[in-house]
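**Student:** Sending over a structure as C-alpha coordinates; questions will come in a sec.
The values are calculated or read from the model by the stated rules, or taken from the named source; none is laboratory data. Small disclaimer: the values here were computed from a predicted structure and weren't measured. Glycine also receives a Cβ, built like all others from the backbone with ideal geometry; neighbour counts cover every protein chain displayed. Just so you know, the surface numbers come from the protein's heavy atoms only, side chains and all, with ligands and any DNA or RNA stripped out. Shrake-Rupley method; radii C 1.70, N 1.55, O 1.52, S 1.80 Å.
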Amino acid sequence: MAAKRGRGSTGAFLSEHQVTTLLVSHHVHAANGAQIAEAAARAGFRAELIALPPDPAARLSDAECGRVETAFFSGDVFPDYSRQFFSAARKAAQLKWLHVFNVGVDHPIYTEMLERGVRLTTSAGSNAEPIAQTAITGLLALARGFPHWLAAQRSHRWSPERKTPPRDLRGQTAIVLGLGKIGSEIARLARALGLKVVGVRRGPRRAEDPVDELYPPAALSDLLPRCDWLIIACPLTPETRGLVDAGLIAGLPRGARIINVARGEIVAEQALIEALHSGHLAGAYLDVFETEPLPADSPLWDLPDVLITPHNSAAAAGNDERVLAIFLDNLGRWHRGAPLLNEVLKNRQD
(Lines give C-alpha, C1' and ligand atoms only; values in the text may rest on other atoms or scores of the structure.)
Protein backbone atom coordinates (compact mmCIF):
# COMPACT_ATOMS: atom_id res chain seq x y z
CA MET A 1 0.00 0.00 0.00
CA ALA A 2 1.44 3.39 -1.01
CA ALA A 3 2.15 5.75 1.83
CA LYS A 4 -0.26 8.65 2.28
CA ARG A 5 1.50 11.99 2.31
CA GLY A 6 0.64 15.57 3.05
CA ARG A 7 2.64 18.79 2.99
CA GLY A 8 4.35 19.90 6.18
CA SER A 9 5.42 23.38 7.20
CA THR A 10 8.64 23.03 5.17
CA GLY A 11 6.69 22.31 1.98
CA ALA A 12 7.98 18.73 1.95
CA PHE A 13 5.81 15.66 1.91
CA LEU A 14 5.65 13.90 5.26
CA SER A 15 5.03 10.18 5.64
CA GLU A 16 2.19 8.88 7.78
CA HIS A 17 3.35 5.30 7.25
CA GLN A 18 6.80 3.73 7.34
CA VAL A 19 6.97 2.51 3.72
CA THR A 20 8.20 4.42 0.67
CA THR A 21 7.69 2.83 -2.75
CA LEU A 22 10.59 3.54 -5.11
CA LEU A 23 10.98 2.98 -8.86
CA VAL A 24 14.54 1.93 -9.81
CA SER A 25 16.33 0.21 -12.69
CA HIS A 26 16.90 -3.53 -12.62
CA HIS A 27 20.64 -2.81 -12.28
CA VAL A 28 20.21 -0.56 -9.24
CA HIS A 29 17.85 -3.11 -7.73
CA ALA A 30 20.48 -5.85 -8.10
CA ALA A 31 23.60 -3.84 -7.28
CA ASN A 32 22.35 -1.32 -4.72
CA GLY A 33 19.05 -2.67 -3.42
CA ALA A 34 20.55 -3.84 -0.15
CA GLN A 35 22.34 -0.51 0.33
CA ILE A 36 19.11 1.42 -0.27
CA ALA A 37 17.25 -0.84 2.17
CA GLU A 38 19.93 -0.32 4.82
CA ALA A 39 19.89 3.46 4.37
CA ALA A 40 16.11 3.47 4.66
CA ALA A 41 16.21 1.31 7.78
CA ARG A 42 18.70 3.67 9.41
CA ALA A 43 16.32 6.53 8.64
CA GLY A 44 13.44 4.63 10.24
CA PHE A 45 11.39 3.42 7.28
CA ARG A 46 11.22 0.63 4.71
CA ALA A 47 11.95 1.22 1.03
CA GLU A 48 9.88 -1.00 -1.24
CA LEU A 49 11.67 -1.19 -4.60
CA ILE A 50 9.84 -1.66 -7.90
CA ALA A 51 12.42 -2.56 -10.55
CA LEU A 52 12.12 -1.98 -14.27
CA PRO A 53 12.21 -5.17 -16.38
CA PRO A 54 15.64 -6.11 -17.83
CA ASP A 55 14.19 -5.97 -21.35
CA PRO A 56 14.01 -2.28 -22.38
CA ALA A 57 10.99 -3.05 -24.58
CA ALA A 58 9.03 -4.44 -21.61
CA ARG A 59 6.80 -2.24 -19.47
CA LEU A 60 5.62 -2.30 -15.88
CA SER A 61 1.94 -3.03 -15.36
CA ASP A 62 -0.45 -0.18 -14.64
CA ALA A 63 -0.94 -1.62 -11.15
CA GLU A 64 2.80 -1.51 -10.44
CA CYS A 65 3.09 2.03 -11.78
CA GLY A 66 0.16 3.07 -9.62
CA ARG A 67 2.07 2.15 -6.47
CA VAL A 68 5.16 4.26 -7.28
CA GLU A 69 5.65 7.26 -4.98
CA THR A 70 9.30 8.08 -5.66
CA ALA A 71 11.68 7.34 -8.53
CA PHE A 72 15.45 7.23 -9.11
CA PHE A 73 16.58 7.90 -12.71
CA SER A 74 20.07 6.42 -12.44
CA GLY A 75 22.89 6.66 -14.97
CA ASP A 76 22.51 3.07 -16.18
CA VAL A 77 19.00 3.88 -17.41
CA PHE A 78 20.28 6.41 -19.96
CA PRO A 79 19.89 6.09 -22.88
CA ASP A 80 18.69 2.52 -23.56
CA TYR A 81 16.08 2.35 -20.78
CA SER A 82 14.96 6.00 -20.77
CA ARG A 83 11.70 5.36 -22.65
CA GLN A 84 10.90 2.47 -20.34
CA PHE A 85 11.61 4.53 -17.23
CA PHE A 86 9.59 7.57 -18.21
CA SER A 87 6.75 5.44 -19.52
CA ALA A 88 6.41 4.13 -15.97
CA ALA A 89 6.89 7.60 -14.45
CA ARG A 90 4.16 9.06 -16.64
CA LYS A 91 1.72 6.36 -15.53
CA ALA A 92 2.67 6.71 -11.87
CA ALA A 93 -0.23 8.85 -10.67
CA GLN A 94 1.12 8.80 -7.09
CA LEU A 95 4.63 9.91 -8.05
CA LYS A 96 5.66 12.75 -5.75
CA TRP A 97 9.46 12.95 -6.11
CA LEU A 98 11.95 12.15 -8.88
CA HIS A 99 15.72 12.14 -8.40
CA VAL A 100 17.91 12.14 -11.52
CA PHE A 101 21.57 11.23 -12.03
CA ASN A 102 22.19 14.17 -14.33
CA VAL A 103 22.71 17.85 -13.62
CA GLY A 104 21.04 19.51 -16.61
CA VAL A 105 17.24 19.37 -16.66
CA ASP A 106 16.53 21.16 -19.94
CA HIS A 107 14.78 18.13 -21.49
CA PRO A 108 11.00 18.63 -21.82
CA ILE A 109 10.26 15.54 -19.69
CA TYR A 110 11.47 17.39 -16.60
CA THR A 111 9.20 20.34 -17.31
CA GLU A 112 6.38 17.83 -17.67
CA MET A 113 7.16 16.32 -14.27
CA LEU A 114 7.31 19.74 -12.62
CA GLU A 115 4.01 20.74 -14.23
CA ARG A 116 2.47 17.64 -12.68
CA GLY A 117 3.62 18.75 -9.26
CA VAL A 118 6.39 16.15 -9.01
CA ARG A 119 9.34 17.39 -6.99
CA LEU A 120 12.59 17.11 -8.94
CA THR A 121 16.14 16.84 -7.61
CA THR A 122 19.41 16.47 -9.50
CA SER A 123 22.84 15.08 -8.76
CA ALA A 124 24.57 18.44 -9.14
CA GLY A 125 28.13 18.21 -7.88
CA SER A 126 28.55 14.49 -8.58
CA ASN A 127 30.48 15.10 -11.79
CA ALA A 128 31.81 18.61 -11.17
CA GLU A 129 35.41 17.50 -10.69
CA PRO A 130 35.72 15.31 -13.81
CA ILE A 131 34.02 17.90 -16.03
CA ALA A 132 36.21 20.69 -14.64
CA GLN A 133 39.35 18.59 -15.07
CA THR A 134 38.39 17.83 -18.67
CA ALA A 135 37.72 21.50 -19.38
CA ILE A 136 41.08 22.49 -17.93
CA THR A 137 42.78 19.71 -19.90
CA GLY A 138 41.31 21.23 -23.06
CA LEU A 139 42.44 24.68 -21.98
CA LEU A 140 45.99 23.49 -21.30
CA ALA A 141 46.17 21.53 -24.56
CA LEU A 142 45.19 24.64 -26.53
CA ALA A 143 47.36 26.99 -24.49
CA ARG A 144 50.45 24.82 -24.91
CA GLY A 145 49.97 24.17 -28.63
CA PHE A 146 49.12 20.48 -28.53
CA PRO A 147 47.00 20.57 -31.72
CA HIS A 148 50.17 21.49 -33.66
CA TRP A 149 52.22 18.73 -32.05
CA LEU A 150 49.49 16.12 -32.48
CA ALA A 151 49.11 16.97 -36.17
CA ALA A 152 52.89 16.64 -36.58
CA GLN A 153 52.83 13.27 -34.80
CA ARG A 154 50.10 11.94 -37.10
CA SER A 155 52.16 12.91 -40.16
CA HIS A 156 55.45 11.69 -38.62
CA ARG A 157 56.98 15.17 -38.69
CA TRP A 158 59.53 16.54 -36.20
CA SER A 159 58.09 20.03 -35.82
CA PRO A 160 59.22 22.03 -32.78
CA GLU A 161 57.44 25.35 -32.31
CA ARG A 162 60.14 28.06 -32.14
CA LYS A 163 59.00 31.00 -34.26
CA THR A 164 55.67 31.60 -32.49
CA PRO A 165 55.86 29.94 -29.07
CA PRO A 166 52.66 29.86 -27.00
CA ARG A 167 51.89 32.76 -24.68
CA ASP A 168 52.42 32.28 -20.98
CA LEU A 169 49.17 31.22 -19.39
CA ARG A 170 49.78 33.08 -16.14
CA GLY A 171 48.11 36.48 -16.23
CA GLN A 172 45.61 35.64 -18.96
CA THR A 173 41.93 36.23 -18.22
CA ALA A 174 39.25 33.54 -18.20
CA ILE A 175 35.57 34.42 -18.09
CA VAL A 176 33.57 31.55 -16.58
CA LEU A 177 29.96 31.79 -17.69
CA GLY A 178 27.97 30.06 -14.95
CA LEU A 179 29.28 29.53 -11.43
CA GLY A 180 27.44 26.46 -10.28
CA LYS A 181 29.37 23.50 -8.94
CA ILE A 182 31.02 22.80 -12.30
CA GLY A 183 31.84 26.41 -13.11
CA SER A 184 33.19 26.99 -9.60
CA GLU A 185 35.52 24.00 -9.86
CA ILE A 186 36.73 25.18 -13.27
CA ALA A 187 37.36 28.63 -11.78
CA ARG A 188 39.28 27.15 -8.86
CA LEU A 189 41.57 25.13 -11.12
CA ALA A 190 42.07 28.06 -13.51
CA ARG A 191 43.18 30.32 -10.68
CA ALA A 192 45.62 27.64 -9.54
CA LEU A 193 47.23 27.90 -12.99
CA GLY A 194 47.67 31.64 -12.60
CA LEU A 195 44.74 32.87 -14.67
CA LYS A 196 42.68 35.82 -13.60
CA VAL A 197 39.14 34.48 -13.33
CA VAL A 198 36.04 36.58 -13.90
CA GLY A 199 32.78 34.86 -13.00
CA VAL A 200 29.39 35.60 -14.53
CA ARG A 201 26.35 34.61 -12.49
CA ARG A 202 22.95 36.03 -11.59
CA GLY A 203 23.38 35.57 -7.84
CA PRO A 204 25.47 37.77 -5.52
CA ARG A 205 29.06 37.00 -4.65
CA ARG A 206 29.73 34.53 -1.85
CA ALA A 207 32.85 34.35 0.27
CA GLU A 208 33.77 30.92 -1.11
CA ASP A 209 33.49 31.90 -4.80
CA PRO A 210 36.89 31.09 -6.40
CA VAL A 211 36.93 34.15 -8.66
CA ASP A 212 38.78 37.44 -8.79
CA GLU A 213 35.72 39.33 -9.98
CA LEU A 214 32.02 38.55 -10.31
CA TYR A 215 29.44 40.23 -12.54
CA PRO A 216 25.79 39.65 -13.54
CA PRO A 217 25.02 38.39 -17.06
CA ALA A 218 24.00 41.89 -18.16
CA ALA A 219 27.66 42.96 -17.87
CA LEU A 220 28.99 40.20 -20.13
CA SER A 221 29.39 42.31 -23.27
CA ASP A 222 31.49 44.85 -21.37
CA LEU A 223 33.80 42.11 -20.10
CA LEU A 224 34.56 40.55 -23.48
CA PRO A 225 37.40 42.86 -24.64
CA ARG A 226 39.72 41.53 -21.91
CA CYS A 227 38.77 37.88 -22.29
CA ASP A 228 41.37 35.31 -23.40
CA TRP A 229 39.21 32.29 -22.55
CA LEU A 230 35.43 32.15 -22.58
CA ILE A 231 34.48 29.06 -20.59
CA ILE A 232 30.81 28.08 -20.83
CA ALA A 233 29.49 26.16 -17.82
CA CYS A 234 25.95 27.52 -17.43
CA PRO A 235 22.69 25.58 -17.81
CA LEU A 236 20.59 25.77 -20.96
CA THR A 237 17.63 28.04 -20.27
CA PRO A 238 15.53 30.37 -22.41
CA GLU A 239 17.96 33.14 -21.40
CA THR A 240 21.14 31.24 -22.34
CA ARG A 241 19.94 29.55 -25.54
CA GLY A 242 21.92 31.16 -28.36
CA LEU A 243 23.61 33.53 -25.91
CA VAL A 244 27.05 33.13 -27.49
CA ASP A 245 26.05 34.42 -30.91
CA ALA A 246 27.93 36.14 -33.72
CA GLY A 247 27.79 39.51 -31.98
CA LEU A 248 29.16 38.19 -28.71
CA ILE A 249 31.92 36.25 -30.48
CA ALA A 250 32.86 39.40 -32.44
CA GLY A 251 33.21 41.21 -29.10
CA LEU A 252 35.99 38.87 -28.03
CA PRO A 253 39.53 39.99 -28.83
CA ARG A 254 41.24 38.36 -31.80
CA GLY A 255 43.03 35.24 -30.59
CA ALA A 256 40.58 34.40 -27.81
CA ARG A 257 39.43 30.82 -27.33
CA ILE A 258 36.14 29.21 -26.31
CA ILE A 259 35.55 26.17 -24.12
CA ASN A 260 32.04 24.67 -23.93
CA VAL A 261 31.22 21.89 -21.48
CA ALA A 262 27.61 23.04 -20.94
CA ARG A 263 25.13 22.67 -23.80
CA GLY A 264 25.70 23.07 -27.53
CA GLU A 265 22.59 25.20 -27.99
CA ILE A 266 24.14 28.00 -25.95
CA VAL A 267 26.55 28.72 -28.81
CA ALA A 268 25.56 29.73 -32.35
CA GLU A 269 27.58 26.99 -34.02
CA GLN A 270 27.81 28.50 -37.50
CA ALA A 271 29.05 31.79 -36.06
CA LEU A 272 31.64 29.84 -34.06
CA ILE A 273 32.80 27.99 -37.18
CA GLU A 274 33.13 31.23 -39.14
CA ALA A 275 35.14 32.89 -36.35
CA LEU A 276 37.49 29.90 -36.22
CA HIS A 277 37.86 29.85 -40.02
CA SER A 278 38.69 33.55 -40.12
CA GLY A 279 41.23 33.32 -37.33
CA HIS A 280 39.28 35.67 -35.07
CA LEU A 281 39.15 32.81 -32.59
CA ALA A 282 42.42 30.97 -32.05
CA GLY A 283 40.79 27.72 -31.03
CA ALA A 284 38.09 25.92 -29.10
CA TYR A 285 37.53 22.87 -26.95
CA LEU A 286 33.98 21.58 -27.45
CA ASP A 287 32.27 18.73 -25.61
CA VAL A 288 28.73 19.66 -26.68
CA PHE A 289 27.08 20.64 -29.95
CA GLU A 290 23.83 21.92 -31.43
CA THR A 291 23.24 18.49 -33.00
CA GLU A 292 24.47 15.36 -31.28
CA PRO A 293 26.11 13.17 -32.38
CA LEU A 294 28.05 15.82 -34.27
CA PRO A 295 27.36 15.20 -37.99
CA ALA A 296 30.26 13.65 -39.88
CA ASP A 297 30.24 16.53 -42.37
CA SER A 298 30.58 19.26 -39.72
CA PRO A 299 33.56 21.55 -40.45
CA LEU A 300 34.43 21.42 -36.75
CA TRP A 301 35.97 17.96 -37.14
CA ASP A 302 38.75 19.27 -39.41
CA LEU A 303 39.53 22.71 -38.01
CA PRO A 304 43.16 22.62 -36.87
CA ASP A 305 42.83 24.25 -33.46
CA VAL A 306 39.58 22.63 -32.34
CA LEU A 307 39.47 19.79 -29.81
CA ILE A 308 36.33 17.66 -29.80
CA THR A 309 34.98 15.18 -27.28
CA PRO A 310 31.60 13.39 -27.68
CA HIS A 311 29.61 14.94 -24.80
CA ASN A 312 31.77 12.82 -22.53
CA SER A 313 33.62 15.30 -20.33
CA ALA A 314 31.86 13.95 -17.23
CA ALA A 315 33.10 10.38 -17.68
CA ALA A 316 34.56 9.07 -14.40
CA ALA A 317 34.45 5.75 -12.60
CA GLY A 318 33.31 7.38 -9.35
CA ASN A 319 30.23 9.16 -10.71
CA ASP A 320 27.71 6.42 -9.94
CA GLU A 321 28.88 6.19 -6.33
CA ARG A 322 28.61 9.94 -5.88
CA VAL A 323 25.15 10.02 -7.48
CA LEU A 324 23.96 7.22 -5.21
CA ALA A 325 25.26 9.06 -2.14
CA ILE A 326 23.28 12.19 -3.07
CA PHE A 327 20.18 10.12 -3.75
CA LEU A 328 20.40 8.25 -0.43
CA ASP A 329 20.86 11.53 1.43
CA ASN A 330 17.76 12.90 -0.27
CA LEU A 331 15.82 9.70 0.39
CA GLY A 332 16.31 10.22 4.12
CA ARG A 333 15.44 13.89 3.79
CA TRP A 334 12.28 12.96 1.88
CA HIS A 335 11.13 10.69 4.66
CA ARG A 336 11.91 13.26 7.37
CA GLY A 337 10.26 16.11 5.46
CA ALA A 338 13.57 18.00 5.38
CA PRO A 339 14.63 20.27 2.48
CA LEU A 340 15.95 18.25 -0.45
CA LEU A 341 19.40 18.74 -1.94
CA ASN A 342 19.60 20.18 -5.48
CA GLU A 343 15.86 20.68 -5.81
CA VAL A 344 14.73 22.21 -9.10
CA LEU A 345 11.97 24.74 -8.63
CA LYS A 346 9.24 25.19 -11.19
CA ASN A 347 10.08 28.02 -13.62
CA ARG A 348 13.56 28.14 -12.15
CA GLN A 349 15.42 25.27 -13.82
CA ASP A 350 18.77 27.03 -13.76
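**Student:** In Å², what does the accessible area per residue of the chain work out to with a 1.4 Å probe?
**Tutor:** Working: 16990 Å² over 350 residues.
Computed with neighbouring chains in place, this is 49 Å² per residue.
**Student:** OK, next. Straight-line reach from K163: which aspartates and glutamates have a Cα under 19 Å away, not including same-chain ones fewer than 8 places off?
**Tutor:** D305
**Student:** Along the charge dipole of the range 149-205, which of L189, W158, L177 sits closest to the positive end, that is, farthest toward it, with unit charges on the beta carbon of Lys, Arg, Asp and Glu (+1, +1, -1, -1)?
**Tutor:** It is L177, whose Cα lies furthest towards the positive end.
**Student:** Any aspartates and glutamates with Cα under 20 Å of the K91 Cα? List them, leaving off those in the same chain fewer than 8 positions away.
**Tutor:** Those aspartates and glutamates meeting the cut-off are E48, D55, D62, E64, E69, D80, E112, E115.
**Student:** Using a 1.4 Å probe on the protein chains only, how many percent of the accessible area of the chain belongs to carbon and sulfur?
**Tutor:** Using a 1.4 Å probe with all protein chains present, the chain comes out at 54 percent carbon and sulfur.
**Student:** For the chain, what are the per-bin percents of Cα-Cα distances with bins 20 Å wide, up to the bin holding the maximum?
**Tutor:** Percent of pairs per bin, in order: 28, 49, 21, 1.
**Student:** What does DSSP give for the chain in terms of the percent of beta bridges that are antiparallel, rounded to the nearest 5?
**Tutor:** Working: 6 of 46 bridges.
Once the DSSP bridges in the chain are tallied, antiparallel ones form about 15 percent.
**Student:** If I model a spin label at D222 and E274 as a point 7 Å from the Cα along the Cα→Cβ vector, what separation in nanometres do I get?
**Tutor:** Going by the 7 Å Cα→Cβ label model, 2.8 nm.
**Student:** With Cβ to Cβ distances under 14 Å as the rule, what net charge do the other residues near L220 carry (K, R +1; D, E -1)?
**Tutor:** On the way: positive: R201, R202, R226; negative: E213, D222, E239, D245.
Around L220, the surrounding residues sum to -1.
**Student:** On a full-extension model of 0.36 nm per residue, what is the gain between R42 and Q94, subtracting their alpha-carbon distance, rounded to one decimal in nm?
**Tutor:** Values: separation 52, 0.36 × 52 = 18.72 nm, distance 2.47 nm.
Computed gain between R42 and Q94 is 16.3 nm.
**Student:** Largest first, what is the accessible-area ranking of E321, E129 with a 1.4 Å probe? Each step should come with its number before you reach the end.
**Tutor:** Working: E321 140, E129 105 Å².
Solvent-accessible surface, decreasing: E321, E129.
**Student:** Next question. Per residue of the chain, what 222 nm ellipticity follows from adding -39500 (n - 2.57) for every DSSP H run with n ≥ 4, rounded to the nearest 500?
**Tutor:** Values: 11 runs with 116 residues, N = 350.
Per the formula, -10000 deg cm²/dmol.
**Student:** Ok, one more. Show me the three semi-axes of the equivalent ellipsoid for the range 116-264, from the C-alpha gyration tensor (sqrt of 5 times each eigenvalue), largest first, rounded to whole Å.
**Tutor:** Working: eigenvalues 173, 66, 49 Å².
Each semi-axis is √(5λ); the values are 29, 18, 16 Å.
**Student:** In Å, what is the Rg of the alpha-carbon atoms in the range 225-299, and how long is Dmax?
**Tutor:** Answer for the range 225-299, Rg first and Dmax second: 11.6, 34 Å.
**Student:** Please work out how much length the chain gains when fully extended from A30 to A250, using 0.36 nm per residue of separation minus the C-alpha to C-alpha distance, in nm with one decimal.
**Tutor:** Values: separation 220, 0.36 × 220 = 79.20 nm, distance 5.29 nm.
Here the segment from A30 to A250 would lengthen by 73.9 nm.
**Student:** Would you mind working out the magnitude of the charge dipole of the chain relative to its Cα centre, with +1 at each Lys and Arg C-beta and -1 at each Asp and Glu C-beta, to the nearest 20 Debye?
**Tutor:** Details: 38 positive and 38 negative charges, 169 e Å.
I would put it at about 820 debye.
**Student:** Something else: Can you tally the net charge around R257? Count Lys and Arg as +1, Asp and Glu as -1, for every other residue whose Cβ sits under 10 Å from the Cβ of R257. Each step should come with its number before you reach the end.
**Tutor:** Numbers: positive: none; negative: D228, D305.
Here the count lands on -2.
**Student:** Let me ask something else. For E292 and S159 in the same chain, what is the full-extension length gain: residue separation times 0.36 nm, less their Cα-Cα distance, in nm? Could the numbers behind the result be given before it?
**Tutor:** Numbers: separation 133, 0.36 × 133 = 47.88 nm, distance 3.43 nm.
Gain in length upon complete extension: 44.5 nm.
**Student:** Among 252-265, 141-154, how do they line up by average Cβ neighbours within 10 Å per residue, starting with the highest?
**Tutor:** Working: 252-265: 20.9, 141-154: 15.2.
Listed from highest to lowest mean packing, they are 252-265, 141-154.
**Student:** Separate question: Charges on Cβ only, +1 for Lys and Arg, -1 for Asp and Glu, centred on the Cα centroid of the chain; of V244, W334, A93, which one is farthest towards the dipole's positive end?
**Tutor:** Value: W334.
**Student:** Let me ask something else about it. Please enumerate, by chain and number, the lysines with C-alpha under 25 Å from the C-alpha of K181, excluding those fewer than 8 residues away in the same chain.
**Tutor:** The qualifying lysines are K196, K346.
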